[in-house]
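Novice: Handing you a structure now.
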Amino acid sequence: MDSTGILSLTLLLLLSQSPASLSLTVSTNEAKMEVHENTDAVLSCQFKTEKETNPRIEWKKKGKDIHFVYFDGKFTGSFAGRAKIEGATVTLHAVTQKDSGLYRCEVSAPADHTNLGEVNVTLNVLVPPLTPFCEVPSSVLSGAGVELHCKDKLSVPPPTFLWYKDNKALSATHTPDIVYSMDTDTGTLKIKSVSKADSGQYRCEVSNRVGASKSSVAHHMKVIEYPLSMTTLIAGAVGLFLLILICCLDVCLPLTGLLKKGGAGRKQSTSSPHQIPQELQTHPVLHDLRV
């Protein structure tokens, strides 16, 4: 073996015996995990130490605030009594949506060259659809616009909404012959101008990839029609307004003219206080007096 080979082998042996290669390491088998509600969630955390035989293990849940899950050899808060730990791996029993979030496993080994290691695990608790809440007006005037709302804020992932009228699914595809629009993400059904044909029983259905679909109770919507159409009512109202306006002009304009004449007469009398009006000049009595 030449000198180069001997030098390479020597360096390899030195590196293999270096404390840095045996420093504390922390890892996880699953950094992002999804579990169904009311099942167990296993938060994986493995570690290897250099010299430390009794490392300190802590688990924290991160968010707006950081809460301890496992500290000083025991579970804390809402995790007490429903969790267990094996090595550094934690198992949460009967998880709910409140358990979703970012968790951090911290391992401290004071005797090691690297004395602190950590790893993050994201938990997402899936929730099947729940019975949705619907808002359907009991009655609406013909020709008016209306919105129907369906709500389910607890399902994870967010559900898809579908509306039914008289137990027949309404199409979510927009075509020229459809007079309504349906948002399958928000659960809103909009009808721009309702007619008698829109009367009926309405219900909505929610679904996601976690569990079975859920349907709301059907609500009846009645469309009320009047003998006079909306167009006729609007035209009548406009005509009545114009009639009132013309009547006001017929009364106000002559009155304004009279007021202007009276004002001019008073102005003339004021400017010539000794002048006798023409009407009085022709009066017989005044004529005799002047004579």
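Novice: List every residue pair whose Cβ atoms lie under 9 Å apart, where the two residues are 6 or more positions apart in sequence or sit on different chains, the first residue falls within region 67-80 and is farther than 17 Å from Ser100 by Cα, and the second residue, located anywhere, is acidic (Asp, Glu) and at pLDDT 95 or above.
Specialist: Phe71/Glu58; Asp72/Glu58
Novice: Please identify the pairs in which a residue from region 126-147 that is within 12 Å of Met221 (Cα to Cα) has its Cβ atom under 7 Å from the Cβ atom of a residue that is surrounded by fewer than 16 Cβ atoms within 10 Å (Cβ to Cβ) and charged (D, E, K, R), counting only partners at least 6 apart or on another chain.
Specialist: Ser138/Lys222; Ser139/Lys222; Ser142/Lys196; Ser142/Glu225; Glu147/Lys190
Novice: Mind checking which residues of region 79-103 are over 22 Å from Asn38 (Cα atoms) and surrounded by fewer than 19 Cβ atoms within 10 Å (Cβ to Cβ)?
Specialist: Of everything in region 79-103, just one residue is over 22 Å from Asn38 (Cα atoms) and surrounded by fewer than 19 Cβ atoms within 10 Å (Cβ to Cβ), namely Gly87.
Novice: Let me ask another. Give Ser181, Ser171 a once-over and let me know the one that is in a loop (DSSP other than H, G, I, E, B), surrounded by fewer than 16 Cβ atoms within 10 Å (Cβ to Cβ), at pLDDT below 95 and not basic (Lys, Arg).
Specialist: The unique qualifying residue is Ser171.
Novice: With the checklist (1) under 26 Å from Glu30 (Cβ atoms); (2) touching a helix residue (DSSP H, G or I) at 6+ places or on another chain (Cβ under 7 Å) in hand, flag the one item Gly117 doesn't pass.
Specialist: The number of the failed condition is (2).
Novice: Please enumerate the residues belonging to region 110-127 that are of a type outside the set (Asp, Glu) and either at pLDDT 95 or above or in a strand (DSSP E or B) (or both).
Specialist: Leu116, Gly117, Val119, Asn120, Val121, Thr122, Leu123, Asn124, Val125, Leu126, Val127
Novice: Could you tell me whether region 197-215 includes any residue that is out of contact with any Pro (no Cβ under 9 Å at 6 or more places or on another chain), more than 30 Å from Glu34 (Cα to Cα) and open to solvent by 90 Å² or more (accessible area, probe 1.4 Å)?
Specialist: no
Novice: Sticking with this structure for a sec: Do we have Lys51 as under 15 Å from Lys98 (Cα atoms) and in contact (Cβ under 8 Å) with a residue 40 or more places away in the chain here?
Specialist: In short, no.
The values are calculated or read from the model by the stated rules, or taken from the named source; none is laboratory data. On a predicted model such as this, the values are computed, not experimentally measured, just so you know. Positions of Cβ are backbone-derived with ideal geometry, glycine not excepted, and every protein chain shown enters the neighbour counts. The protein model used for the area step is the full one, side chains on, heavy atoms only, and it has no ligands, DNA or RNA in it. Shrake-Rupley method; radii C 1.70, N 1.55, O 1.52, S 1.80 Å.
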